[in-house]
Every structure is written in C-alpha cells, then in structure tokens.
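Remarks on the structure that follows.
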Amino acid sequence: MEVDVLDLKNPDLYVASVPHEIFKRLRNEDPLHWNAEIDGSGFWSVTRYNDIVAISKDPARFSSAREHGGHRIFDELTFGLGAAGTGGTLTEAPMISMDPPAHVNYRRMVTPGFTPTRMRALEDQVRSRASAILDRLEGRADCEFISEVAAELPIQVLAELLGVPQEDRHKLFAWSNTMIGEDDPELRSGPAEIATALREISEYSLKLWHERIAKPGGDLISMLATSRIDGEAMSMERYLGTFILLVVAGNETTRNSISGGLVALTDSLAERRRLIEHPELLASAVSEIVRYVTPVMHMRRTAVCDVEMRGKLVRAGDKVIMWYSSANRDEEIFQDSFRFDIGRAGQPHLGFGIGEHYCLGARLAELQLRIFFDEFLKRFPTAEPCGPIRRMRSNFINGIKEMPVRLHPA
C-alpha cells in the first residue's frame, strides 16, 4: 500500500495490529508526512522521536487547547464531548486540552495524589488487590484475560484513588469505554449512547463533589473539590471534564499495557524466562512493555503560527499528529527497535508522552505493572493466549477487548 494515499486516521488500519511497517516507511521516506482526509482538512503525521519531543516541548507554537482543536485527530469543537449535537456537551475543556499557564494550574490540583510518597504508600494495597484478583484464577485452566484480570486491577485502584465504592468500578469501566470508543460500534453505538453516559457521569460525579465539600478526605475528588485557582473553585463543567479524564486515563493505559505485555512476553519467550529468572529486571521490563505496546498511539497539537520543519512549511491552523507508536520504534533512538528487550536502557520511551503533558499517573501505572507481572509470573509462568485476540477499532488506543488465556500448560 502506498503511504501517500493512506489515511492514518482510518481506524480500520489498527484492528489487526498497529501498522508498524507503514510507520517505518514514513520514518525513512517522509517523517513529516501530509495526510489528506476524506472528511477533513488533512493533518501532518510526525513519526520521528526527536521531532515529537521538540513539538511536545513547544506549546507556544504547537497548541493542545480546545479552541485550536484539542488533543485528538478530530476537532473537539465539532466532534466529541465539546461538540454540539452529542445530546450532551462540555463547553469548558479538561486540562489535557489546555495550554500553559491554565494547564499547569489545573494539573497542580491533583498532583498531590501522585507524589512518590503517595505511590510508596499505595504499594501494599496494589499488591493486595493484584493477589486477590489472581487468587480467583487458582485451579482454573483458562480465563478471559481482559475482563477478569487486565481490566480489574487498574479499575479497582482507580476506585480507591477516587474514594468511591468498589462496587461502582464497573460503572467507571463502562463509562471509560464509551468515552474513548467512538470508532468501535461495540463500545459506543452512537450519539445517544454518549449522551446517556455523559448524563450518568455528570450525576455521579456531582454527587461525589457535594459529598467531598461536606466531608473532604485524601482522595482525588476531595483535591478537586477543595482546591482553588486565584481564590476560585473549579467550575462544574471543568470538574466534570477532569473527572472523565481521570476515569479514562486511570485505567486505559494500565489495562492495555497489561494485556499487550502478556502478548509480548508470549511472543518473546526467552525474555519471559529471563524475567522470571531475574526479577530485579522488573522495572526495566515494565518500561519496555510500555514502549513496545504504546497504549496511547497518538496525541495532537495544532500549529498557532507558521513553522518550518524538515524543509516543509507547517501553516498556522494545521493539525500536527504525534505518532507515539512510531516514535517508540524509531531506529535512530532505539537499537534493534522492533526487538522486545526487558533489559533495555538508554533514551526514555514516549509511551507516557513528554513535556508539560507528560502523563500525571505514569508512576502509578508503572507501580501496577511491576506488581502485577511480579505476582502473575510467579503463579502462571507459562500462561499464554489460547484463542482469537479481539482488538479495539481505534486510531487512538492500542487496546485489546477480548483475549482468552490458558493459565497452565495443556
């Protein structure tokens, strides 16, 4: 397939797997590639690591703000939660769709929930939850890995961080799928479904807000409800957008790194044996899993002025898509970049982004992944997928919806 006629926005390209060979060609032949759109104005695809780093660290020229289109390929003002016609809209942007200084101010509201001290305090709780999830698999020959395992740990931890009852975690999980599943009919059937989900999230999160105002605690909702910017509380719309962001980001990255990590460890059995024999490599193995899987495949910026890059003119108003999936396989940065290597050192991956929008929950995701694979490989060292793997239809999330796993040798 010729890269000059491809539309990388097409979610069908990602159903079988991430199209790494296409990204490789773009890196080598046209690393700043103009992508025409059938239903849009087109966008620049950025596929080299160093270019993405430079753009991410230059918010003055490359904006994440909703008024310029936001952080996704589609324009948030005409599609998604900020759009008219969804049956429910958010006119105020969450912090992921802000530029500095506003982004920094809102980020500070929840930063205390992700400090190294807080992460260390969570370690025993995360291990206890991981162990309880895996205890339920003892004596079984197989399981449906996504619903029973990969999704369970991050959504349980998220419920704990938000200070909500564990029995409500299934609501959080369903809402998260609806929010990010706009291209997968199994996850979102249409505008009416997102309007219903938005109404339910609004009612649920507003109830939490009022409860925390009356009786604040150490959870993330209390931080949002009681924090002030220039003496003023967060608006209800901005709070709702932030709540949705926490729900989605709090489980998608970890869930899909767990499932993608098991696939990588199955495809690279020598690396699995190496990890089992050398558990001291767990930290670097987790970093390699996130690099190799890259659960969030892209983020967008919009040029706010004319910028010359790689001998081409990116005009003010042009969409610029940063393909993390490509950058994390960049041969100029990662030696033998297509190899899964649990001891890999060197440049950091871009699986959590870089710059001011670096993932706030990155350390929490790494903590969960490290504990999960430590516990899982001790109990099920030979576990492997044993049936069709059904992937999400999405150009944004590298996700697996269903994956049967054999827990013990046949």
Given (1) at pLDDT 95 or above; (2) of a type outside the set (F, W, Y); (3) closer than 26 Å to F74 by Cβ; (4) touching a Pro at 6+ places or on another chain (Cβ under 9 Å), where does D374 come up short, assuming only one miss? (3)
Answer residue from the stretch 139-167, given it is of a type in the set (D, E, K, R) and part of a helix (DSSP H, G or I) and is farthest from I371 (Cα to Cα) among those: E167
Filter the stretch 314-351 for residues that are crowded, with 20+ Cβ neighbours inside 10 Å and β-branched (V, I, T); the one that is farthest from N50 (Cα to Cα) is I342
Residue in the stretch 186-210 that is nearest to L246 (Cα to Cα), counting only those that are in contact (Cβ under 8 Å) with a residue 40 or more places away in the chain and assigned to a loop (DSSP other than H, G, I, E, B): L187
Does any residue of the stretch 209-223 turn out to be under 30 Å from D374 (Cβ atoms), surrounded by fewer than 15 Cβ atoms within 10 Å (Cβ to Cβ) and not aliphatic (A, V, I, L, M)? yes
Those residues that are closer than 19 Å to N251 by Cα, surrounded by fewer than 13 Cβ atoms within 10 Å (Cβ to Cβ) and either among the aliphatic types (A, V, I, L, M) or within 21 Å of the chain's Cα centre (by Cα) (or both), I need them from the stretch 117-153; list them, please. A132
Just to be sure I understand the filter: pairs with C-beta atoms under 6 Å, separated by 6 or more residues or on different chains, first member in the stretch 282-297 and touching a residue at least 40 places away in the same chain (Cβ under 8 Å), second member basic (K, R) and surrounded by fewer than 22 Cβ atoms within 10 Å (Cβ to Cβ). Which pairs pass? L282/R370; V286/R370; E288/R344
Over the stretch 368-384, the set of residues touching an Asp or Glu at 6+ places or on another chain (Cβ under 8 Å) and either within 16 Å of E288 (Cβ to Cβ) or among the basic types (K, R) (or both) is R379
Of the residues that make up the stretch 379-392, is at least one more than 20 Å from R118 (Cα to Cα), of a type in the set (F, W, Y) and under 19 Å from the mean Cα position of the chain (by Cα)? no
For the stretch 290-309, check the following and say yes or no: at least one residue is among the charged types (D, E, K, R), in contact with a strand residue (DSSP E or B) (Cβ under 9 Å, 6 or more places away or on another chain), surrounded by fewer than 18 Cβ atoms within 10 Å (Cβ to Cβ) and modelled with pLDDT of 95 or more. yes
Could we say that R108 is exposed (fewer than 15 other Cβ atoms within 10 Å of the Cβ), modelled with pLDDT of 90 or more and more than 30 Å from I389 (Cα to Cα) here? no
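The values are calculated or read from the model by the stated rules, or taken from the named source; none is laboratory data. What you see is a predicted model; the values in this text were computed from it and never measured. Glycine gets a Cβ as well: all are built from the backbone with ideal geometry, and neighbour counts include every protein chain shown.
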